[in-house]
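First comes the structure, then the notes that go with it.
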Amino acid sequence: MTFVIGLTGGIASGKTTVANLFNEHFDIDIVDADVVAREVVEMGTPGLAAIVDKFGQQILDEQGSLNRSALREVIFSSPEDKEWLNGLLHPMIRQLMIKQLEDTSSPYALLVVPLMVENSLQSLVNRLLVVDVEKETQIERTMARDDVSRSQVESILSSQASRQDRLACADDVIKNNTENEKLLPQITELHKKYLAMSSENL
Ligand code: ATP
């Protein structure tokens, strides 16, 4: 069984930055829920076929791929359709994440899930690592990266778990309020700890 570290955090907390450092410096394999969520609706998948069955061909773009903005519009205006879509995709995403974790070969693997706490996915992981930042830092970094307004970021933040709720579930915490250089020492310490834990887990 792969020893799995769940990596989560709110918007622009630094999940991708942290996961990339584990990968670049220590060759740790990463499974990313956002990537998996796109893979289950790629062309030719049962996921995409079910969506077309339900909403018709107009949900596709000219190439026959899923038209995400059309799908977003449908589910934005219909809570029932949103529920239907989540009921379809969540089990598929879960299954594919489990398969990709089984296929990893590093001593432990990272499972990056933005909404781990919100979607109660902690059962998939041995430990939960939370990337923690001040709310103000999240707002500034999101505005700079995505070119969105403060109120747009605040509305996204209010739809996510609170900092306290996330920290309450954490086994380990990386503080990312600082400059990038302070990240690697924290990651190196955690890597040593996870290596020791994963060898005990064998
Ligand atoms: P999301 O879930 O919103 O995609 P994320 O949690 O994966 O975001 P990143 O994309 O890693 O977060 O980081 C968000 C932004 O903040 C990026 O533009 C990144 O370059 C920047 N950033 C991350 N960590 C730091 C840091 N320590 N110092 C300065 N900028 C940082």
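Summary of computed values
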{"quantity": "Whole-Å distance, taken between Cα centres, linking segment 11-51 and segment 56-128", "calculated": "10 Å"}
{"quantity": "Residue-count net charge about Asn176 - beta-carbon cut-off 10 Å; Lys, Arg +1, Asp, Glu -1", "calculated": "+1"}
{"quantity": "Average accessible surface area per residue within the chain, 1.4 Å rolling probe, Å²", "calculated": "56 Å²"}
{"quantity": "Rounded percent of accessible protein surface that carbon and sulfur make up, the chain, 1.4 Å probe", "calculated": "50 percent"}
{"quantity": "Calculated FRET efficiency for the pair Met143/Asp27, C-beta based, R₀ 35 Å, to 0.05", "calculated": "0.55"}
{"quantity": "Computed helical MRE - 222 nm, the chain, DSSP H runs ≥ 4 contributing -39500 (n - 2.57), nearest 500", "calculated": "-17000 deg cm²/dmol"}
{"quantity": "Mean separation of Cα contacts under 8 Å, 6 or more apart, over the residue count of the chain: relative contact order %", "calculated": "37 percent"}
{"quantity": "Filter on Lys82/Lys175; Lys99/Lys193; Lys135/Lys192; Lys15/Lys193; Lys15/Lys54 - keep pairs with C-alpha separation over 27 Å", "calculated": "Lys82/Lys175; Lys135/Lys192; Lys15/Lys54"}
{"quantity": "Amide H within-cut-off set for Leu60, under 5 Å, with H built and near neighbours excluded", "calculated": "Asn67"}
{"quantity": "Counting DSSP beta bridges with both ends in the chain, the antiparallel % (nearest 5)", "calculated": "5 percent"}
{"quantity": "All-pairs alpha carbon distance profile, segment 33-105, 10 Å steps from 0, percent", "calculated": "19, 52, 23, 6, 0"}
{"quantity": "Dipole-positive endmost among Gly14, Ala49, Ala161 within the chain (Cβ charges, Cα centre)", "calculated": "Ala161"}
{"quantity": "With DNA, RNA and ligands ignored, accessible area of His25 (1.4 Å probe; Å², nearest 10)", "calculated": "100 Å²"}
{"quantity": "Dipole in debye (nearest 20) - the chain, about Cα centre, beta carbon charges: Lys, Arg +1; Asp, Glu -1", "calculated": "320 debye"}
{"quantity": "Cα gyration tensor category, rounded, prolate or oblate, for the chain with a/c compared to 1.5", "calculated": "oblate"}
{"quantity": "Segment Asn201-Ile75, length gained on full extension (0.36 nm per residue, minus Cα span)", "calculated": "41.1 nm"}
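The values are calculated or read from the model by the stated rules, or taken from the named source; none is laboratory data. Keep in mind it's a predicted model, so treat the numbers as computed, not measured. Note that we place each Cβ from the backbone using ideal geometry, even for glycine, and neighbour counts take in every protein chain shown. Accessible surface areas use protein heavy atoms only, side chains included; no ligands, DNA or RNA. Shrake-Rupley method; radii C 1.70, N 1.55, O 1.52, S 1.80 Å.
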